[in-house]
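S.K.: Below: one structure in structure tokens.
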Amino acid sequence: MTEPTPGTEAAARVADVLLLFTDGPSRLGVSAIARELGLSKAVVHRILQSLATRGMVVLDPDSRQYRLGAAATALGARAFRDSDLRASALDLLRALRDETGETATLTALVPDGRIYLDQVEGTHEIKMTVELGRRFPLHAGSSGKCMLAFLPEDARRRALAGPLAALTTSTVTDPDSLAAELDDVRARGFAQSGGERQADAGSVAAPVFGITGEVIGSISVCGPRYRVTEEFVEKIAPRVVDTAERISRRMGHRG
């Protein structure tokens, strides 16, 4: 195995620091970052200083904690705007929302999890919304589970090896139970969730595939748990699967 060069290792550390802001608190201090990444405070401080001079992070003088800056926001906005997956899905998400009245979402697979790329909010007064750009684990919620089910076997096995964090009291954290559920997802072509990522939320989701047949994302219909009943899932699941397949074809998939 090729040993990482000093430049490569430094770049990886900078990326790791930035990625921490996508997973947890919006504000982080030097000590917390150093603890999470196993780096010295001096190294973390130098990285943050460098990022701050480029507008990627901003220091709050009162709390002495950092948050993402305007440059990071602009970078993320450009990524969203230029996303082929988002462009391919948007009109179909709107149609799905119009048919169901519930919020339709688009998720992308990213290293160690997933992020919501887009959403078309439902028409009900009480509706679900999702946080765009924040990384979530694959095992919690239908959008993640339907991708996890279709990952290559070795990647799926690594994910099931855990740890499987409990985001709510309904999150499935037992590897054997989750593995059995993923087998069902592969057989049916869709996943459903009841309060697993967000309490009192229900959803049904289907995977989106890329040109080489790999899973690259998912779409879902989500709403308050009391409206996403078994009858609702049975009615809407075929429509969600069909919409996901249409997006997959737009992304070059011919499976």
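S.K.: I'm trying to understand the selection: among the residues of region 28-77, which are part of a loop (DSSP other than H, G, I, E, B), within 11 Å of Leu18 (Cβ to Cβ) and in contact (Cβ under 8 Å) with a residue 24 or more places away in the chain?
M.R.: Selection gives Met56 alone.
S.K.: Given the criterion modelled with pLDDT under 90 and basic (Lys, Arg), identify the matching residue among Arg27, Arg94.
M.R.: Arg27
S.K.: Which of the residues that make up region 88-135 are among the β-branched types (Val, Ile, Thr), farther than 20 Å from Gly210 by Cα and open to solvent by less than 40 Å² (accessible area, probe 1.4 Å)?
M.R.: Scanning region 88-135 gives Thr100, Thr103, Val120, Val130.
S.K.: For region 164-190, what are the residues that are open to solvent by less than 40 Å² (accessible area, probe 1.4 Å), in contact with a Lys or Arg (Cβ under 9 Å, 6 or more places away or on another chain) and within 18 Å of Glu153 (Cα to Cα)? Spell out the reasoning first.
M.R.: First pass over region 164-190, keeping only residues open to solvent by less than 40 Å² (accessible area, probe 1.4 Å): 164, 168, 171-172, 178-179, 182, 185, 189-190.
Now restrict to residues that are in contact with a Lys or Arg (Cβ under 9 Å, 6 or more places away or on another chain): 168, 171-172, 178-179, 182, 185.
Result: Leu178, Ala179, Leu182, Val185.
S.K.: Hey, could you check region 192-233 for residues that are among the charged types (D, E, K, R) and touching a Ser or Thr at 6+ places or on another chain (Cβ under 8 Å) and say which is surrounded by the fewest Cβ atoms within 10 Å (Cβ to Cβ)? Spell out the reasoning first.
M.R.: If we filter region 192-233 for residues that are among the charged types (D, E, K, R), which is where we start, we get 196-197, 200, 214, 225, 227, 230-231.
Still in the running and touching a Ser or Thr at 6+ places or on another chain (Cβ under 8 Å): 196-197.
Values: Glu196: 25, Arg197: 22.
By that ranking, first place goes to Arg197.
The values are calculated or read from the model by the stated rules, or taken from the named source; none is laboratory data. These figures come from a predicted structure and were not determined experimentally. Counting neighbours? That spans all protein chains shown, and the Cβs are built from the backbone with ideal geometry, glycine included. Each accessible area value is taken on the protein alone, full model and side chains, heavy atoms only, with ligands, DNA and RNA left out. Shrake-Rupley method; radii C 1.70, N 1.55, O 1.52, S 1.80 Å.
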